Amino acid sequence: MAKTKTTFFCQNCGSQYSKWQGQCTACKEWNTIAEEIIQKAEKISWDIAETKTNKKVVKPQKVSEISTQSESRLHTRNSELNRVLGGGLVPGSLTLLGGEPGIGKSTLMLQVALQLPFKTLYVSGEESAQQIKMRAERIHPNSDHCYILTETKTQNIFRNIAEMQPDIVVIDSIQTLQTDFIESSPGSISQIRECTTELIKFAKETATPVILIGHITKDGNIAGPKILEHMVDTVLQFEGDRNHVYRILRANKNRFGSTNELGIYEMQGNGLREVSNPSEILISKNEEDLSGTAISATLEGMRPLMIEIQALVSTAVYGTPQRSATGYNAKRLNMLLAVLEKRAGFKLGAKDVFLNVTGGISVDDPAIDLAVVAAVLSSNIDIAIDKRMCFAAEIGLAGEVRPVTRIDQRILEAEKLGFESIVISKYCKLPKDNYGIQLIKLGKVNDVVKHLFG
Ligand code: TYD
Ligand code: MG
């Protein structure tokens, strides 16, 4: 029997201490340090590694001799996921998928598992097999390759893996796993760390891709030690507004691809639908002209998106005017209103201003400034903006219309979607002179007002 050993871990950042203390020296959080029993067996035996790889001894290799298995990426049948991963799952990689509860992590992964043409093992520590079956029936009822295992002990999971030899393993979720080698409760720092280490070892030795689902804390970080994110190869984040149907999948870290790609899904009654042309759905198809809306050509990562901005400006009933922004930074809205007041002479100080980015999407691209300004002005004087016009520019404190990055891509997206004109900064450096869309080049907010409303 190994000696019982306890250590203290900060439950917030994962720092280790030999005795208890009130405040974590590393992350300065109070009351986050808890005692955990770590009881290691003398030697961990990896039966699974032995069966699959015959215990090969690793030796140093010349860089030129190492074969890259880049062609052998496993393409999931989900093109949005493939795009975010950089082309598919890399053999032996560990992918962590984080997101708020109820956002659709389990749905996404079950859907991927059901669609895959390979043998997939979906391990759930959260739901019963019946619950998963009910969900599977909503999504994709007949799959012969997907196996469900409701288990939380890693040793039992590895035993099953050794028996069935799956091509892909999905773990839902890492916080429910428990290893026999450590006695603390599931979800604790040392359990998460140890279980992840075991899974990494399994993935690397057998070249099986493993996807982990992870919970996030209330401030948006993945629950558990920060090192969890360092240990895995790819960290994906699934986000969106739960009251809206759109979900965005992005890579926060990717050892095998870019972190600029982004996938968009729509939550439907029968699972998540891939949205391959997001711009079309984010713009409402109203026939009549409505004041207070403007369309912006933004970029989310590398992907151009046309997004509708709506503003409502009305006389403040109470002394202090209200300012509220959904999907946009409220401080930035205040700044733009100040610019309009100072540089264009609009008296918005006594008005309520409400701003909404439609579709429940949140944007932090500065290029939507101009559309925000146009929407606010349009609502203020109650004149609609031509629906075939869109905007892409940043607004500076001096009221200048500033150029934005990748203007070419934005113009081409607007052109592709049939817009007739796009308002940009006159200081933009364009790679070519002729576009199939009219370019309106302006330098100051005043020019924008004059151009739009005469
Ligand atoms: P879920 O995948 O359980 O979220 P997570 O694992 O991130 O906690 O999300 C389930 C939510 O999605 C739930 O509110 C029901 C909804 N849903 C649909 O709208 N359509 C569907 O086809 C499925 C399976 C779920
Ligand atoms: Mg879930």
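The values are calculated or read from the model by the stated rules, or taken from the named source; none is laboratory data. Keep in mind it's a predicted model, so treat the numbers as computed, not measured. Ideal geometry is used to build each Cβ from the backbone, glycine not excepted, and the neighbour counts take in all protein chains shown. To get the accessible areas, we keep the full protein, side chains included, count just its heavy atoms, and leave off ligands, DNA and RNA. Shrake-Rupley method; radii C 1.70, N 1.55, O 1.52, S 1.80 Å.
Annotations for the structure displayed:
- Subset of the stretch 106-126 [within 13 Å of ligand 2 (Cβ to nearest atom), open to solvent by 10 Å² or more (accessible area, probe 1.4 Å) and closer than 17 Å to Q268 by Cβ]: S106, T107, Q111
- All positions within the stretch 252-274 that are modelled with pLDDT under 90 and crowded, with 23+ Cβ neighbours inside 10 Å: G263, I264
- Matching residues in the stretch 158-188 - criterion: being within 24 Å of the chain's Cα centre (by Cα), closer than 30 Å to A34 by Cα and more than 16 Å from ligand 1 (Cβ to nearest atom): none
- A single member of A129, A136 is open to solvent by 10 Å² or more (accessible area, probe 1.4 Å), within 14 Å of ligand 2 (Cβ to nearest atom) and among the aliphatic types (A, V, I, L, M), and it is A136.
- On the stretch given as the stretch 299-356, residues that are of a type in the set (S, T, Y) and under 20 Å from G399 (Cβ atoms) total 1.
- For the stretch 139-161, residues that are open to solvent by less than 30 Å² (accessible area, probe 1.4 Å) and more than 20 Å from L116 (Cα to Cα) total 3.
- Inter-residue pairs, beta-carbon under 9 Å, first within 13 Å of V169 (Cβ to Cβ) and in the stretch 102-124, second among the acidic types (D, E) and more than 14 Å from ligand 1 (Cβ to nearest atom), 6+ apart: L116/D167; F118/D167; K119/D167; T120/D167; L121/D167; V123/E151; S124/E151
- Screening R303, R343, R332, R323 for residues that are within 29 Å of the chain's Cα centre (by Cα), surrounded by 15 or more Cβ atoms within 10 Å (Cβ to Cβ) and farther than 29 Å from L249 by Cβ leaves exactly one candidate, R323.
- Given (1) within 23 Å of Q191 (Cβ to Cβ); (2) surrounded by 13 or more Cβ atoms within 10 Å (Cβ to Cβ); (3) at pLDDT below 55, index of the condition D47 fails: (2)
- Residue check for T196: more than 24 Å from L272 (Cα to Cα) and away from ligand 2 (no atom under 16 Å from the Cβ): yes
- Residues located in the stretch 232-272, provided they are within 12 Å of ligand 1 (Cβ to nearest atom), in contact with a strand residue (DSSP E or B) (Cβ under 7 Å, 6 or more places away or on another chain) and charged (D, E, K, R): E239, R247, E266
- Test set (1) open to solvent by less than 20 Å² (accessible area, probe 1.4 Å); (2) without any contact (Cβ under 8 Å) to a residue 60 or more places away in the chain; (3) of a type in the set (K, R) - R388 fails condition number: (1)
- Members of the stretch 85-100 found to be away from ligand 1 (no atom under 14 Å from the Cβ) and part of a loop (DSSP other than H, G, I, E, B), listed by number: G86, G87, G88, V90, P91, G92, S93
- Meets criteria (closer than 22 Å to V275 by Cβ and not hydrophobic (A, V, I, L, M, F, W, C)) for K387: yes
- In the set (1) surrounded by 22 or more Cβ atoms within 10 Å (Cβ to Cβ); (2) more than 25 Å from G88 (Cα to Cα), the condition left unmet by D172 is number (2).
- Considering the stretch 101-138, the residues that are more than 8 Å from ligand 1 (Cβ to nearest atom), among the small types (G, A, S) and touching a Leu at 6+ places or on another chain (Cβ under 8 Å) include one that is farthest from I211 (Cα to Cα), namely A136.
- Scanning the stretch 253-280 for residues that are assigned to a strand (DSSP E or B) and in contact (Cβ under 8 Å) with a residue 24 or more places away in the chain yields a count of 10.
- Residues in the stretch 381-401 that are under 19 Å from A338 (Cβ atoms), within 32 Å of the chain's Cα centre (by Cα) and assigned to a loop (DSSP other than H, G, I, E, B): A393, G396, L397.
- Inclusion of V357 among residues that are closer than 20 Å to S291 by Cα and in contact with a Pro (Cβ under 8 Å, 6 or more places away or on another chain) is not warranted.
- Flag if V84 is within 20 Å of the chain's Cα centre (by Cα), within 16 Å of ligand 2 (Cβ to nearest atom) and within 30 Å of N243 (Cβ to Cβ): no
- Only residues that are open to solvent by 10 Å² or more (accessible area, probe 1.4 Å) and either on the phi < 0 side of the Ramachandran plot or more than 9 Å from ligand 2 (Cβ to nearest atom) (or both) were counted across the stretch 87-105, and they come to 6.
- I295 vs. criteria open to solvent by less than 20 Å² (accessible area, probe 1.4 Å), part of a strand (DSSP E or B) and within 16 Å of ligand 2 (Cβ to nearest atom): no
- Just one of the listed residues (K119, K133) is over 27 Å from Y246 (Cα atoms) and basic (K, R), and it is K119.
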